[in-house]
Amino acid sequence: NTAMAGLTYQPHANFNGIDSLLVTVEDFPLDATGSTTIVSSDLPLIVADVNDPPVITSSSGSLDEDSTLSFTDIVLSDSDTIIDPNMILQGTAAVEHGSIILGDITDIQVAGNGSNRINFIGTQEAINKALNGLTYIPEPDYSGNDKLTVDINDSGNLGIGRVFDGVNFDGQED
């Protein structure tokens, strides 16, 4: 029992389901008979599914005042979609001092495109198409920092994740 007291089990990343642990105990002889007893048992392990939050990666940007900035490197990934690539995700993109327009919106539902807050629903693949080419348009004559905030909810199926916050847009004086 002492040898088993510190035993830990670590499944592979994103694994869930049933696994097993084979435990074998050998009783070494303590007397002159020399007989050994070996006992094995296969213990079932049930690894519960957990929510892996969505993640978005992107670079920041800067632009001259009264110009626009298009993103080509915003990438959404949610490992939960490996199980179901057609999982529907819900998202919101927002800025404080301007408006934003999504790229290819063919395969998603969109509300508010062209405003400072856009709501969208679609698969990870479709949302990535929409985020690729997202364009930021600052308020006229705005100079300063702004931030693009994107929230993705994997539809309550496995949770919600705040994906990134703080892409800065540096306006330039006229």
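The values are calculated or read from the model by the stated rules, or taken from the named source; none is laboratory data. As the structure is a prediction and not an experimental result, all values here were calculated from the model. Please note: Cβ atoms are built from the backbone with ideal geometry, for glycine as well, and neighbour counts cover all protein chains shown. To get the accessible areas, we keep the full protein, side chains included, count just its heavy atoms, and leave off ligands, DNA and RNA. Shrake-Rupley method; radii C 1.70, N 1.55, O 1.52, S 1.80 Å.
For log10 I(q)/I(0) by the Debye sum over Cα atoms at q = 0.08, 0.13 Å⁻¹, one of [x] -0.30, -0.70; [y] -0.42, -0.72; [z] -0.27, -0.69 was computed from the structure I shared and the rest are decoys. Which label? Checking each listed value against the structure points to [y].
Determine the sum of side-chain charges near I38: Lys and Arg each +1, Asp and Glu each -1, restricted to other residues whose C-beta is under 9 angstrom from that of I38.
Working: positive: none; negative: E26, D27.
Taking every other residue near I38 into account, the sum is -2.
When the chain is treated as a GNM with alpha-carbon contacts under 10 Å, the residue of F28, F15, F71 showing the greatest mean-square fluctuation is F28.
For T33 and N14 in the same chain, what is the full-extension length gain: residue separation times 0.36 nm, less their Cα-Cα distance, in nm? Roughly 1.9 nm would be gained on extension. With all protein chains kept in place, the per residue accessible area of the stretch 1-121 amounts to 66 square angstrom at a probe of 1.4 angstrom.
Expressed as a whole percent, the accessible area of the chain that falls on carbon and sulfur atoms is 52 (1.4 Å probe).
Summing +1 for each Lys or Arg and -1 for each Asp or Glu among the other residues whose beta-carbon sits under 14 angstrom from that of A3 gives -2.
Taking I105, I18, I88 in turn, the Gaussian network model of the chain (Cα-Cα springs below 10 Å) assigns the largest fluctuation to I18. A Gaussian network model of the chain, with springs between Cα atoms under 10 Å, assigns the largest mean-square fluctuation among I118, I152, I46 to I46.
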